[in-house]
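Below: the structure, in structure tokens.
The values are calculated or read from the model by the stated rules, or taken from the named source; none is laboratory data. No experiment lies behind these values; they were computed from the predicted model shown. Reconstructed Cβ throughout: ideal geometry from the backbone, glycine too, with neighbour counts over all protein chains shown. Heads up: the accessible areas ignore ligands, DNA and RNA and are worked out on the full protein's heavy atoms, side chains in. Shrake-Rupley method; radii C 1.70, N 1.55, O 1.52, S 1.80 Å.
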Amino acid sequence: MALVAKVLLPLPLPEAFDYLAPETAELCVGDHVVAPLGPRRVRGVVVELREAVGINRPLRQLEGRVDDPALPRATVAFVEWAARYACEAPGEALALALRGLRAAPPKPERLVAATGTTPARMTPARARVLEAAAGGPMRAAALAQAAGVSAGVVKGLLDEGVLAWVEQPVETGFDPPDPALPGAALNPSQKAAAGVLADMILAGGFQAALLDGVTGSGKTEVYLEAAAAALAADAEAQVLILLPEIALTQQVIARVEARFGAAPAEWHSGVSPPRRRRVWEAVAKGSCRIVVGARSALFLPFRKLRLIVVDEEHDGSFKQEDGFIYHARDLAVARAKLEGAAVVLASATPSLESVWNAETGRYRWLRLSARHGEARLPDIRLVDLRENPPERGRWLSPTLARAMAETYAAGEQSLLFLNRRGYAPLVLCQACGERMTAPDTQSWLVEHRYTNRLVCHLTGWSMPKPERCPHCSAKDSLVSIGPGVERLEEEARHLLPEARIAVFSSDTVQDAEGARELVRRMAEGEIDVMVATQAAAKGHNFPRLTLVGVVDADLGLRGGDLRAAERTYQLLAQATGRAGRADRPGRALIQTYAPEHPVLQALKDQDRDAFLAAEAEQREAAGLPPYGRLAALIVSGPDADVLEAYCRALAAAVPNADGVEVYGPADAPLALVRGRRRKRFLVRADRNVDLQAFLTTWRARARPPGSVRLTIDVDPYSFL
Ligand SMILES: [Zn+2]
């Protein structure tokens, strides 16, 4: 009986296509095949096989199988699930899963082996060759050398069929990890958490846990013990550790190697294509058992994935914003479900979503207590900029400037921290401190460069920039707040002309190498003042750092971004956590125009639970995640009229659905990007609504014209 193979191609096509399977090849789901597509031949993956009954149209035949390791069924299922979740073409998700195969496979080595045939004419030279060949396949030249004969003797035996060429695949394995090596000494809190995780893993099946503990509480040791439990329980088990940034991978790789006596595979954009192919193949064959990587490692073809760790789970870098849009933390949970694996989310400042999942019992909640006798918590003070304003055109208050001078004089280090996410600053009145907010959402309005308007990033509501403050009527009092880090560096140089000052941002640090070097210089005291964006706010230990200055705590609070308050809290908690060590008390000065804001009050009191409770209450009242669901539709195109017309068509095609609200179209906050105008719709839905079904139905009812691009962002993080 002929078979029909449904083949998914790694292309932006709406679905997988049916082909006739070749009679000769034994196909399985997950196999790589070559399929005709119009005049082209394209590589794809078999996602389904069935008998060719009831086929009433001619099907084209597959051209053959490609000899790469097959995608495991669970990986195929994950690819299809991820595409459905993201409202993307399934081929786009497949392309991610096949990324490791872009480089050519290493060529197998050609070796010579004895066939067992006796030569017609035996000579002493030939006898020596056969003796040497008895040890197993060898390279021809090595065999001739071992036997002390010329290449001609070996060739003669090859021609006669006494020897034959064999192909030896290049070894793609990795050294096996040894979970029996002794782990780190755990304190009682760590031991308890590691025990719960080990029990979860031994019980088998999908389970999720939130590993929640302040910086220095030893989360890494705990999740490495969970990895040890998984590896020890099953000789084929595989473990994936996801990290938000390449800069953190070396550190974790070293810890894994120390714990298990073997280096894990590394997976991120900095890994060379041939190396990636090696990792991809070894993961698919099961010979690589631990992978440490960035978010795209989630699409690797694991054979027997038993544990996924998402370290720094709150980090926004897990959200992939271009191309195939996904959040690696959320997809990690989904993949663990499909694999029947355990997933551990670790953070010092967990996301509201994860805390909510833990509170409602979906995740086990493992809280680690802080270590004893270590760093004292820094002294945190809010600097009210209304009472203690910087000089005109400057950003450092006299209080912070004085503290920096004292710190420098004492031979200690300062970190100036500025969360410069997004491009547009907050607008406020210098006379009365009034922040410009949107009437319907209370989101801060941000100034737009292209349109000279103040725009709410959440709903798109906008107004021309007024000449007078709407609150106190002062004229020309509205200013945009928020310098860039380079501008701050200038001010620090002016303040401390002798000090060594460095900027840590994505402009000055472009890769893991650069980040490591800057961190090393800071750690070894070669820098007096570091001016940093969020890049420096995590994972590093600077023993001589005693002052953290948060230059503009307000910038993140209501930037029109749903998670702005949460992100600000996380970044500030981590940045202030940097200051001070056992023998040097640290302090943190937080500049703000809104010291009464609950986020800043919670931070000053170092009361995370109070912050989360306040934030959760606001989100629940507004039906926002995790209490509701959000999606953004970004529509872009080069021609304003065509774009307007399509947006009207899209607005008219909104499906009727209970529990769903659609806002827009509005100018997207970044209204013009690379010559393309952008409009945005925002969808809010109740939790019980099938948001993906709503979105795909909507999109199907108004297909964009050729020049217009429609992008769906489920659970948006960036509101730009
Ligand atoms: Zn005012």
note = Residue count, segment 465-493, condition under 19 Å from Pro390 (Cβ atoms), open to solvent by less than 90 Å² (accessible area, probe 1.4 Å), away from the ligand (no atom under 12 Å from the Cβ) and modelled with pLDDT of 80 or more, comes to 4
query = Could we say that Gly216 is within 32 Å of the chain's Cα centre (by Cα) and within 29 Å of Gly361 (Cβ to Cβ) here?
reply = yes
message = I'd like the full set of residues that are open to solvent by less than 40 Å² (accessible area, probe 1.4 Å) and assigned to a loop (DSSP other than H, G, I, E, B), limited to segment 677-720.
response = Val689, Ala702, Val708, Asp715, Pro716, Tyr717, Phe719
query = Tell me, which residue of segment 242-266 that is assigned to a strand (DSSP E or B) and of a type in the set (A, V, I, L, M) is farthest from Val283 (Cα to Cα)?
reply = Leu242
task = Within segment 96-103, identify whether any single residue is assigned to a loop (DSSP other than H, G, I, E, B), open to solvent by less than 70 Å² (accessible area, probe 1.4 Å) and more than 23 Å from Arg289 (Cα to Cα), and answer yes or no.
result = no
query = Can you tell me how many residues in segment 627-671 are more than 25 Å from Asn688 (Cα to Cα) and without any contact (Cβ under 8 Å) to a residue 40 or more places away in the chain?
reply = 6
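Rundown of residues vs (1) at positive phi; (2) outside any strand (DSSP E or B), yes/no style:
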{"residue": "Val599", "(1), (2)": "no, yes"}
{"residue": "Ala602", "(1), (2)": "no, yes"}
{"residue": "Gln606", "(1), (2)": "yes, yes"}
{"residue": "Glu617", "(1), (2)": "no, yes"}
{"residue": "Leu624", "(1), (2)": "no, yes"}
{"residue": "Ala631", "(1), (2)": "no, no"}
{"residue": "Ile634", "(1), (2)": "no, no"}
{"residue": "Leu643", "(1), (2)": "no, yes"}
message = Is it the case, given these coordinates, that Arg57 is among the basic types (Lys, Arg) and over 39 Å from the mean Cα position of the chain (by Cα)?
response = yes
message = Can you tell me how many residues within segment 134-148 are open to solvent by less than 60 Å² (accessible area, probe 1.4 Å), under 15 Å from Val166 (Cβ atoms) and not aliphatic (A, V, I, L, M)?
response = 1
ask   = Could you list, in sequence order, the residues of segment 116-133 that are open to solvent by less than 70 Å² (accessible area, probe 1.4 Å), β-branched (Val, Ile, Thr) and assigned to a loop (DSSP other than H, G, I, E, B)?
value = Thr123
key: Within segment 25-56, considering residues that are farther than 20 Å from Ala74 by Cα and aliphatic (A, V, I, L, M), the one most open to solvent (accessible area, probe 1.4 Å)   = Val53
inquiry  = I'd like to verify a number: residues in segment 426-455 that are open to solvent by less than 40 Å² (accessible area, probe 1.4 Å), closer than 19 Å to Ala621 by Cβ, at pLDDT below 75 and more than 16 Å from the ligand (Cβ to nearest atom), how many?
reply    = 1
key: Exclusive hit being exposed (fewer than 15 other Cβ atoms within 10 Å of the Cβ) and over 30 Å from Glu359 (Cα atoms), set Ala668, Ala652, Ala613, Ala621   = Ala652
note = Taking segment 227-239 and the residues there that are in contact with a helix residue (DSSP H, G or I) (Cβ under 6 Å, 6 or more places away or on another chain) and more than 10 Å from Pro179 (Cα to Cα), the one that is surrounded by the most Cβ atoms within 10 Å (Cβ to Cβ) would be Val239
inquiry  = Can you pull out every residue in segment 278-292 that is under 19 Å from the mean Cα position of the chain (by Cα) and buried (at least 24 other Cβ atoms within 10 Å of the Cβ)?
reply    = Trp280, Ile290, Val291, Val292
key: Sole exception among (1) open to solvent by 30 Å² or more (accessible area, probe 1.4 Å); (2) in contact with a strand residue (DSSP E or B) (Cβ under 7 Å, 6 or more places away or on another chain); (3) closer than 26 Å to Gly173 by Cα; (4) assigned to a helix (DSSP H, G or I) for Arg110, by number   = (4)
task = Answer yes or no: is there a residue in segment 193-209 that is outside any helix (DSSP H, G or I), open to solvent by less than 10 Å² (accessible area, probe 1.4 Å), touching a residue at least 12 places away in the same chain (Cβ under 8 Å) and of a type in the set (Gly, Ala, Ser).
result = yes
